[in-house]
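First up is the structure itself, then whatever we jot down about it.
The values are calculated or read from the model by the stated rules, or taken from the named source; none is laboratory data. What you are looking at is a predicted structure, and each value in this text was computed from that prediction instead of being measured. Glycine also receives a Cβ, built like all others from the backbone with ideal geometry; neighbour counts cover every protein chain displayed. Note: areas computed on protein heavy atoms with side chains; ligands, DNA, RNA excluded. Shrake-Rupley method; radii C 1.70, N 1.55, O 1.52, S 1.80 Å.
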Amino acid sequence: MTVAERYHGMLSWFAANMPEADSELNYRNPYELLVAVMLSAQCTDKRVNMVTPALFERFPDAEALSAASFDEVLSYVKSVSYPNAKAEHLVAMGKMLKREFAGVVPSTMEELTRLPGVGRKTANVMLAVAFGKPAMPVDTHVFRVSNRIGLTRNSQTPEETERRLVKYIPSEVLGRAHHWLLLHGRYVCTAKNPKCASCGIAEWCSSYGKL
């Protein structure tokens, strides 16, 4: 099986069976998505969704967040992973949004990655989900699953995985493909005990029958 055939088979299956794949984070606008994605690093979406309603009620926009104290933000996010660092980044991010972007979340990779606490993966999520741009965020699930099923081969870094996926996945489905791979890794191709017997893409998977 060629690489192109593997990509085509898997993408076709996902398109037919998961046409509406989207983020499992709850948000209403780019500001809320940015905050939620920053909180989700090494934390479950379920936990983040438990934290954000009260956080967004208290800090509904960048201006409100920019005026917040570290201690107050920490009191809202203390149940997520790495709460101290995330609270510090959120306050600093709010201040920069107000100071340099008039409170509006920017929509380019260069501007997004200038924000405190925003790396390439978070910026790619914003580009793909908030702004509908062709982008491939590579989180833990996407990185692991892509290597396991054969979309990448011995990829060592998220950036390497991103380059490979962008090369073979049509730009018009990049954003959805991110969610396809993420959700597949979260619920089917799990790190331990993957559900190979019920996997829809098994016939194209390079690891099928070997795990």
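On inspection, ALA135 qualifies as at negative phi and outside any helix (DSSP H, G or I). Only one entry of GLU32, GLU72, GLU100 meets the criterion of being within 20 Å of GLY119 (Cβ to Cβ), free of Cβ contacts under 8 Å to residues at least 24 places away in the same chain and not hydrophobic (A, V, I, L, M, F, W, C), and that entry is GLU100. Filtering the stretch 197-209 to residues that are outside any loop (DSSP other than H, G, I, E, B) and either under 24 Å from LYS46 (Cβ atoms) or open to solvent by 40 Å² or more (accessible area, probe 1.4 Å) (or both) leaves ALA197, SER198, GLU203, TRP204.
Yes or no, residue by residue, for (1) touching a residue at least 40 places away in the same chain (Cβ under 8 Å); (2) at positive phi; (3) assigned to a helix (DSSP H, G or I):
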{"site": "LEU55", "(1), (2), (3)": "no, no, yes"}
{"site": "VAL80", "(1), (2), (3)": "yes, no, no"}
{"site": "VAL125", "(1), (2), (3)": "yes, no, yes"}
{"site": "ARG144", "(1), (2), (3)": "yes, no, yes"}
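Condition check for ALA135 on (1) crowded, with 20+ Cβ neighbours inside 10 Å; (2) within 22 Å of GLU203 (Cβ to Cβ); (3) among the small types (Gly, Ala, Ser); (4) touching a residue at least 40 places away in the same chain (Cβ under 8 Å): one failure, at (2). Under the condition of being part of a helix (DSSP H, G or I) and either over 16 Å from the mean Cα position of the chain (by Cα) or surrounded by fewer than 22 Cβ atoms within 10 Å (Cβ to Cβ) (or both), the residues counted in the stretch 183-192 number 3. Considering SER206, SER198, which residue is over 19 Å from ASP22 (Cα atoms), in contact with a Gly (Cβ under 9 Å, 6 or more places away or on another chain), hydroxyl-bearing (Ser, Thr, Tyr) and at pLDDT below 95? Of SER206, SER198, the one residue that is over 19 Å from ASP22 (Cα atoms), in contact with a Gly (Cβ under 9 Å, 6 or more places away or on another chain), hydroxyl-bearing (Ser, Thr, Tyr) and at pLDDT below 95 is SER206.
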